[in-house]
Amino acid sequence: MRVPLSWLREYVDVELSPKSLAERLTLLGMEVQGLERWGADWQNVVIGELVSVEKHPRADRLSLVRVTVGSGEPLDIVCGATNIAAGQRVPVALPGAILPGDRRIEQTEKMGVVSKGMLCSGDELRLTSDADGILILPADTPLGVPLAELYGDLVLDIDVKPNRGDALSIVGLAREVAAVTGAELRFPATEPDEAGGAVAERLMVEVEDSGLC
């Protein structure tokens with residue numbers, strides 16, 4: 001079971017260091033097999049906004065995209081994705097960037113046009129399994145901020161035993177952390193959807209013999 005620390009903290013205040021938390025959980029019988037720094041391999045990847053998207057002058061299946069990353073001159077980047085449009089905010093790997101798998105991004109020439117970086121898909125960042133298009137971020141995503149600052153996290157790889165099915169959820173795991181640390185557990189707010197009239201208007205219960213109850 002892979003648990004992002006930020007998600008766990010939505011339900012319980014974790015004051016322990018990640019290493020100490022892993023040791024406590026292991027003592028509870030839920031062995032933490034590893035700690036992974038999610039986003040550590042997004043080096044020199046920042047949030048950019050597409051200023052314009054035009055057809056590549058020499059290739060029908062490529063686009064020439066102008067991108068701003070909040071500072072400096074806009075960058076011209078050649079892209080083959082079809083799901084992009086002006087105004088979108090996307091992850092941009094700048095020249096010198098390193099992506100998962102030790103993939104290095106440099107300034108290159110593609111069909112006679114210099115491409116100063118790369119727009120990233122979710123699959124290339126290992127954020128999603130979608131490799132068909134660029135990862136489109138919310139419109140209010142801060143411009144120029146490193147992707148690792150927004151989506152980076154520490155992930156615990158926990159071996160939850162078959163007899164602890166109650167801990168096979170974020171809330172269940174948060175309950176265990178609260179019990180061992182004394183921190184307050186915050187349950188998610190739940191409110192069922194109501195439909196129709198009040199039950200009392202449609203159903204009446206009469207107790208004929210309260211002594212038998």
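Points worth noting:
- Amide H within-cut-off set for Ala97, under 5 Å, with H built and near neighbours excluded: Ile105
- Where only DSSP H runs of four or more residues are counted, the chain gives -4000 deg cm²/dmol as its mean residue ellipticity at 222 nm, each run worth -39500 (n - 2.57).
- Centroid-to-centroid separation of the stretch 117-145 and the stretch 64-104 [C-alpha atoms, Å]: 9 Å
- Between 0 and 90°, nearest 10: helix 18-27 axis offset from the chain longest Cα axis: 40 degrees
- In order along the stretch 62-79, phi translates into HN-Hα couplings of 10, 10, 9, 10, 9, 10, 10, 10, x, 8, x, 6, x, 9, 8, 10, 8, 9 Hz, rounded to whole numbers, per the Karplus curve 6.51 cos²θ - 1.76 cosθ + 1.60 with θ = phi - 60° and x for Gly and Pro.
- Here the Karplus curve 6.51 cos²θ - 1.76 cosθ + 1.60, taken at θ = phi - 60°, turns the phi angles of the stretch 175-190 into couplings of 4, 5, 5, 5, 5, 7, 10, x, 6, 6, 8, 10, 6, x, 5, 10 Hz, with x standing for Gly and Pro.
- Whole-Hz ³J(HN,Hα) from phi, Karplus 6.51 cos²θ - 1.76 cosθ + 1.60, for the stretch 38-47, glycine and proline x: 6, x, 5, 9, 9, 8, 6, 10, 10, 8
- Most mobile of Gly39, Gly197, Gly133 in a GNM of the chain (Cα contacts under 10 Å): Gly197
- Within straight-line cross-link reach of Lys161, aspartates and glutamates at Cα separation under 13 Å, skipping those fewer than 8 residues along the same chain: Glu31
Readers should treat all values here as calculations from the given coordinates under stated rules, not as data from a laboratory. The structure presented is a predicted model; accordingly, all values stated were derived computationally and were not measured.
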